[in-house]
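Colleague: Have a look at this one before I ask anything.
The values are calculated or read from the model by the stated rules, or taken from the named source; none is laboratory data. On a predicted model such as this, the values are computed, not experimentally measured, just so you know. Positions of Cβ are backbone-derived with ideal geometry, glycine not excepted, and every protein chain shown enters the neighbour counts. With ligands, DNA and RNA removed, areas are computed over all heavy atoms of the protein, side chains included. Shrake-Rupley method; radii C 1.70, N 1.55, O 1.52, S 1.80 Å.
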Amino acid sequence: MTAGRRSVSTNKHWCTPPDIVESVRRCFGGAIALDPCSNAHSRVGAETEYRLPETDGLTATWCHPTIFVNPPYGRDPERGSRILHWFSRIDDAAERGSEVIALVPVATNTEHWKRYVYPRARSICFLFATRLRFYIDGSEDPRGAPMSCAAIYWGPDDAVFAEEFSSHGAVVSLAGVQVPGCR
């Protein structure tokens, strides 16, 4: 359970819907360099894909110019990780100059949003889809996600992000946002 939600599935491979992948690709000028959260059914098609168990995307190098992250949303007891750890890696990559887009649950009151989104990201797209339909084992899940989702952007070109993601939801710029108690 994360952000006060119970998991409705033990499957950690909720693959990104194709329309979101295409918007990410267009934001990055046509290619996604790294997908650190890939799996056998991924539709991202990044130049470099990290898949468990061969490569742990949470600990492998993220030295790529463009990175798309659709992290596991719950805790991973085998690895001792949770979504906060993925946000920390995103922040590290963005600090080193990578352009990053993450597809994550909307959990605006959590530590990872307070630490890595509000004071660090450039823009957020709050997706209009009430229940975003991820792909599980290669097929679209007809039930959709049990939570609201957002695409979050860390990078220099929030105008392109806004243009590409405005068809998916409300895009909000974080430029100039003041967050008390955040670094």
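Colleague: If we keep just the residues of segment 127-142 that are of a type in the set (A, V, I, L, M, F, W, C) and open to solvent by less than 70 Å² (accessible area, probe 1.4 Å), which is nearest to SER98 (Cα to Cα)?
Modeller: Among those that are of a type in the set (A, V, I, L, M, F, W, C) and open to solvent by less than 70 Å² (accessible area, probe 1.4 Å), it is LEU127.
Colleague: Something else about it: Between a residue in segment 121-139 that is within 14 Å of PRO17 (Cβ to Cβ) and touching a residue at least 40 places away in the same chain (Cβ under 8 Å) and any residue that is open to solvent by 40 Å² or more (accessible area, probe 1.4 Å) and among the acidic types (Asp, Glu), which pairs come within a Cβ distance under 8 Å, given they are 6 or more apart or on different chains?
Modeller: Taking only residues 6 or more apart or on different chains, the pairs are ARG133/GLU140; PHE134/GLU140.
Colleague: Same structure again: Among residues belonging to segment 43-54 that are in contact with a Ser or Thr (Cβ under 7 Å, 6 or more places away or on another chain) and touching a residue at least 24 places away in the same chain (Cβ under 8 Å), point out the one that is nearest to HIS85 (Cα to Cα).
Modeller: So, considering only residues that are in contact with a Ser or Thr (Cβ under 7 Å, 6 or more places away or on another chain) and touching a residue at least 24 places away in the same chain (Cβ under 8 Å), the one nearest to HIS85 (Cα to Cα) is VAL44.
Colleague: Another one. Under 7 Å between Cβ atoms, at least 6 apart or on separate chains: pull out the pairs that start in segment 55-66 with a residue that is farther than 20 Å from ALA40 by Cα and end on any residue that is β-branched (Val, Ile, Thr) and surrounded by fewer than 19 Cβ atoms within 10 Å (Cβ to Cβ).
Modeller: HIS64/THR48
Colleague: Also, I was wondering about something else. Does GLY29 fit the bill of being open to solvent by 60 Å² or more (accessible area, probe 1.4 Å) and out of contact with any strand residue (DSSP E or B) (no Cβ under 6 Å at 6 or more places or on another chain)?
Modeller: Values: open to solvent by 60 Å² or more (accessible area, probe 1.4 Å): yes; out of contact with any strand residue (DSSP E or B) (no Cβ under 6 Å at 6 or more places or on another chain): yes.
So GLY29 fits the description; yes.
Colleague: If you don't mind, another one. Which one is modelled with the lowest pLDDT among residues in segment 153-183 that are open to solvent by less than 40 Å² (accessible area, probe 1.4 Å), outside any loop (DSSP other than H, G, I, E, B) and under 20 Å from PRO119 (Cα atoms)?
Modeller: Filtering segment 153-183 for residues that are open to solvent by less than 40 Å² (accessible area, probe 1.4 Å), outside any loop (DSSP other than H, G, I, E, B) and under 20 Å from PRO119 (Cα atoms), the one modelled with the lowest pLDDT comes out as ASP158.
Colleague: For segment 109-126, name all the residues that are closer than 17 Å to SER173 by Cβ and open to solvent by 60 Å² or more (accessible area, probe 1.4 Å).
Modeller: If the condition is that a residue be closer than 17 Å to SER173 by Cβ and open to solvent by 60 Å² or more (accessible area, probe 1.4 Å), then ARG120, ARG122, PHE126 are the ones that fit.
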